[in-house]
Amino acid sequence: MQAPRTLTGKSRLAGILGHSVSHSRSPRLHGFWLERHGIDGAYVPLPVEPGGFAAGIRALASLGFRGANVTIPHKEAAFAACDLVDEEARRIGAVNTLVFHGDGRIEGWNTDGWGFLQSLGEQAPDFRADSGPAVVLGAGGGARAVAHALLAAGCPRLTLVNRSPARAEALAQELSAHGAPVDVASGPPLEGAALLVNTTSQGMQGQPPLQIDLGPLPAGAVVADIVYVPLETPLLAAARARGLAAVDGLGMLLHQGRRGFEAWFGVLPEVTPELRDFVASDIPRHPA
């Protein structure tokens, strides 16, 4: 029998910061990689109240943590709390990956957009970002990452739909730097859209389902949801019922985690079918 992996006084530590983090499968994801590569380290859930985020990450750094991932609702607060950020995070205005340096500086990255595009390529291999307009639901950190990635990949037109029009308008102004038209709408303009992406928490376990009529979407459209608990959100179930390509949020989670893992634990891991099956086995397939 193989000896269980144990922690030592030299263990490398990282985790996931959010409020709450009970839904996160990042500990399972990183735990798989730690076990696979025999690394002396741990990745733990770290619930943090919104008002205590900046102090919380400074405390983690002082305790010897190598860094952390950041999830809802802290991605924009993480950006503000960093001493330096990479170019992608600067464009997006949100951070999902923190690296704590030995000199006390906190560096922020955003790997969400790249992870989203990688997931699209895996689950909807025929989709191209330049094939038609995209509609993004939401205007928070996830929406920022997805929208920037789509426009950078050639999306010809993007529409933001958010319950706070002012927040969406502010994001639209930022996104206009890409050169493609960016609109704000009170309801999803699905006629002719090549892609619909939900970046809100609606449809997540414990949250109300997203209420939307997919009828106006063209037959070849793709519907994506960055929510991954449950794996099959009501939005994705409705898309599949119409015969549309549906992209779940798990692939984005798996791919966005690779760069942080390398920074904290010294190995660049791979996303494999075995990894996806392992993480998915702990996720409800349908809403409770």
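The values are calculated or read from the model by the stated rules, or taken from the named source; none is laboratory data. Bear in mind the structure is a predicted one, so any value in this text is a computation, not a measurement. Glycine also receives a Cβ, built like all others from the backbone with ideal geometry; neighbour counts cover every protein chain displayed. These accessible areas exclude ligands, DNA and RNA; they are computed on the full protein's heavy atoms, side chains included. Shrake-Rupley method; radii C 1.70, N 1.55, O 1.52, S 1.80 Å.
Within the option set SER201, SER176, being in a helix (DSSP H, G or I) and among the hydroxyl-bearing types (Ser, Thr, Tyr) holds for one residue only, SER176.
Of everything in segment 6-38 that is over 17 Å from LEU253 (Cα atoms) and of a type in the set (Val, Ile, Thr), the residue that is most open to solvent (accessible area, probe 1.4 Å) is THR6. Annotation: of all residues in segment 110-139 being open to solvent by 20 Å² or more (accessible area, probe 1.4 Å) and in a loop (DSSP other than H, G, I, E, B), the one that is farthest from ALA54 (Cα to Cα) is ASP126. Filtered by the rule that a residue be open to solvent by 60 Å² or more (accessible area, probe 1.4 Å), among the basic types (Lys, Arg) and either touching a residue at least 60 places away in the same chain (Cβ under 8 Å) or closer than 22 Å to GLN173 by Cβ (or both), segment 45-92 gives ARG66, ARG90, ARG91. Any chance segment 46-57 includes a residue that's over 19 Å from the mean Cα position of the chain (by Cα) and closer than 21 Å to GLN207 by Cα? For segment 46-57, residues over 19 Å from the mean Cα position of the chain (by Cα) and closer than 21 Å to GLN207 by Cα: present.
For segment 93-109, a residue qualifies if it is assigned to a loop (DSSP other than H, G, I, E, B) and open to solvent by 10 Å² or more (accessible area, probe 1.4 Å), and the qualifying residues are GLY93, HIS101, GLY102, ASP103, GLY104, ARG105.
Criterion applied to SER186, SER164, SER176 was being hydroxyl-bearing (Ser, Thr, Tyr), at pLDDT below 95, over 20 Å from ILE92 (Cβ atoms) and surrounded by fewer than 18 Cβ atoms within 10 Å (Cβ to Cβ), and the one residue passing it is SER186.
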